[in-house]
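Right, one structure below, let's go through it.
The values are calculated or read from the model by the stated rules, or taken from the named source; none is laboratory data. Given the structure is predicted, the values throughout are model-derived calculations rather than measurements. In this analysis, Cβ positions are derived from the backbone assuming ideal geometry, glycine residues included, and neighbour counts consider all displayed protein chains.
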């Protein structure tokens, strides 16, 4: 059975419907809370091939950067890894034309759908909610839930609870220099460290300020505190078109 057929079948599965008076706290307005599912896509960022030459020059510049310019390197890495347009630094780009070439190629990045997903919220009890979700495993072509479905949301405390502990909330925003567009929302983070492991788990829910999309970003990274090597790692970014109540079909296209 094709992926679309699997997800379409899921939409027909009866679910417990939440009462109209129930509120899902900070999650309200992002995903359906009546037991229905919103269809969207797991997306990834694809950079244009034109970025290869500017990146080659960039790597050479970073390798030659003196120790007293480490802050310039750190700023660039932070901005780039967060998909924010890197700010100009004369220490990294002595020739401003090289920076302009890099930015021109950077702006050509596309947001590409990987596979279709369906996600919604379902009330468990007075204050707790769970994520209803489904996607299709690329290898087995079988319908599977997303890992975020293992979390539970407490609307009263505005916390997510995973097998690793409690994810605490903070406000999130991204400027219009973000490849994914200007956004506002909430990010929940859990950080733990002991003698053996370092763990960071996060869930972010945001809406673009142009009112077009809702994004859900999930990440889990566990590293050895001894060697620094990764023990477990997983992350994905989901995108959903903002639609009117009850409209739960449709797949976002490329930006």
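Before we move on, is residue 41 modelled with pLDDT of 90 or more and out of contact with any helix residue (DSSP H, G or I) (no Cβ under 6 Å at 6 or more places or on another chain)?
Answer is yes for this residue.
Here is a check on your reading of the model: is residue 89 part of a loop (DSSP other than H, G, I, E, B) and not assigned by TED's automatic domain parsing to the domain that holds residue 208?
Taking the combined requirement at face value, the residue satisfies it.
When we screen 111, 92, 51 for residues that are under 18 Å from residue 177 (Cβ atoms), touching a residue at least 60 places away in the same chain (Cβ under 8 Å) and crowded, with 17+ Cβ neighbours inside 10 Å, the only hit is 111.
Scanning the stretch 143-191 for residues that are assigned to a strand (DSSP E or B) and in contact with a helix residue (DSSP H, G or I) (Cβ under 7 Å, 6 or more places away or on another chain) yields 143, 153, 162, 169, 186. Filtering the stretch 192-207 to residues that are closer than 12 Å to residue 30 by Cβ and either free of Cβ contacts under 8 Å to residues at least 60 places away in the same chain or touching a helix residue (DSSP H, G or I) at 6+ places or on another chain (Cβ under 9 Å) (or both) leaves 203, 204, 205, 206. Of all residues in the stretch 196-255, those that are farther than 23 Å from residue 145 by Cβ, modelled with pLDDT of 95 or more and in a strand (DSSP E or B) total 2.
Regarding the stretch 66-77, can at least one residue be identified that is under 20 Å from the mean Cα position of the chain (by Cα) and closer than 24 Å to residue 173 by Cβ?
Within the stretch 66-77, one or more residues are under 20 Å from the mean Cα position of the chain (by Cα) and closer than 24 Å to residue 173 by Cβ.
Residue 68: at pLDDT below 90 and under 30 Å from residue 104 (Cβ atoms), yes or no? Spelling it out, residue 68 is indeed at pLDDT below 90 and under 30 Å from residue 104 (Cβ atoms).
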